[in-house]
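Asker: Here's a structure for you.
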Ligand SMILES: CC(C)(COP(=O)(O)OP(=O)(O)OC[C@H]1O[C@@H](n2cnc3c(N)ncnc32)[C@H](O)[C@@H]1OP(=O)(O)O)[C@@H](O)C(=O)NCCC(=O)NCCS
């Protein structure tokens with residue numbers, strides 16, 4: 001990642017379809033972390049992490065549109081089940097602040113919008129448990145990673161990798177055969193994460209980021225059903241499970257369980 005919000009679809013030639021045969025583990029254990037679909041109610045927590053993670057954060061209404069209107073989009077959140085208070089996002093914005101635009105229309109639309117109902121204690125707890133989020137757009141057999149971030153207080157603990165693995169799982173489930181993304185040329189940490197999962201630099205978008213004119217590297221995975229990709233998944237999964245304890249991906253009606261047990 002990361003695309004500017006109105007970024008164009010990846011420019012690639014069509015490839016012929018071959019059947020997917022990617023191995024994913026299915027061992028049953030209690031989950032310490034869970035990945036679930038992002039819901040509108042999650043946006044204040046997502047936005048708080050977004051602002052701590054990106055120089056050009058997407059406004060909350062961008063996430064609202066992505067979730068409710070974009071049929072190509074799949075957005076997820078990672079939550080810690082239990083023991084998350086110490087690392088809770090420092091502040092959550094009212095869900096009613098859907099636009100951060102300071103122009104007249106933005107201010108008027110905030111003023112005219114009916115007040116948001118108070119959050120239930122259950123929802124507050126759910127929001128505090130969110131430690132990261134990510135998204136893809138799926139176009140035919142390609143999944144374009146649009147965003148991925150873990151809360152700064154939990155970085156280095158496997159959450160970013162868990163989110164990427166969940167996106168991979170979802171991409172395979174919905175029929176994608178390759179994954180692609182843009183990443184800042186200077187973002188070594190994210191690039192290292194992507195390389196673990198066979199992402200390779202295939203091009204450069206010059207001066208892609210308008211805040212500092214930085215180039216974006218365009219990275220693509222090996223085919224998701226290739227031996228090289230499967231082998232990278234298998235090697236990384238075991239280490240990730242050790243790191244996280246255990247974790248579940250609950251997306252699209254299926255549950256995928258990652259375990260070190
Ligand atoms: C990129 C990001 C999502 C990684 O999340 P994370 O939770 O810290 O990552 P993980 O703990 O799962 O680490 C996974 C891999 O990332 C890389 N990585 C993470 N932290 C690193 C660090 N401090 N130095 C070097 N590599 C690092 C490593 O390859 C690591 O695997 P390893 O531990 O086996 O070496 C996180 O740093 C982030 O949110 N950054 C800000 C937003 C951003 O830049 N997003 C990507 C936009 S393209």
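Matching residues to (1) exposed (fewer than 13 other Cβ atoms within 10 Å of the Cβ); (2) more than 16 Å from residue 144 (Cβ to Cβ); (3) free of Cβ contacts under 8 Å to residues at least 40 places away in the same chain:
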{"position": "180", "(1), (2), (3)": "no, no, no"}
{"position": "203", "(1), (2), (3)": "no, no, yes"}
{"position": "214", "(1), (2), (3)": "no, yes, yes"}
{"position": "225", "(1), (2), (3)": "no, yes, no"}
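Asker: Right, another one. Tell me which residues, restricted to the range 156-178, are outside any helix (DSSP H, G or I) and without any contact (Cβ under 8 Å) to a residue 60 or more places away in the chain.
Answerer: Correct list: 156, 176.
Asker: Identify all residues within the range 220-261 that are part of a loop (DSSP other than H, G, I, E, B) and over 30 Å from residue 202 (Cα atoms); write none if there are none.
Answerer: Listed by number, the residues that qualify are 245, 252, 253, 260, 261.
Asker: Still on this model: Here is a list of conditions, (1) within 8 Å of the ligand (Cβ to nearest atom); (2) in contact with a strand residue (DSSP E or B) (Cβ under 7 Å, 6 or more places away or on another chain); (3) over 27 Å from residue 32 (Cβ atoms), and residue 163 meets all of them except one; can you say which number that is?
Answerer: (3)
Asker: Consider residue 27 carefully, then state whether it is within 27 Å of residue 236 (Cα to Cα), at pLDDT below 90 and in contact with a strand residue (DSSP E or B) (Cβ under 9 Å, 6 or more places away or on another chain).
Answerer: Answer is yes for this residue.
Asker: Looking at the range 179-195 only, could you name the residues that are in a strand (DSSP E or B) and near the ligand (Cβ under 6 Å from one of its atoms)? Full working, then the answer.
Answerer: Of the range 179-195, the ones in a strand (DSSP E or B) are 179-184.
The answer is 183, and nothing else.
Asker: Quick check: is even one residue across the range 246-258 surrounded by fewer than 18 Cβ atoms within 10 Å (Cβ to Cβ), at positive phi and away from the ligand (no atom under 14 Å from the Cβ)? Quick ask: steps written out before the conclusion?
Answerer: Taking the range 246-258 first, the residues surrounded by fewer than 18 Cβ atoms within 10 Å (Cβ to Cβ) are 250, 252-255.
Then drop every residue that is not at positive phi, which leaves 252-253.
From what is left, the residues that are away from the ligand (no atom under 14 Å from the Cβ) are 252-253.
The answer is yes; a qualifying residue exists.
The values are calculated or read from the model by the stated rules, or taken from the named source; none is laboratory data. It should be emphasised that the depicted structure is a prediction, and the values quoted were computed from it without experimental measurement. Glycine also receives a Cβ, built like all others from the backbone with ideal geometry; neighbour counts cover every protein chain displayed.
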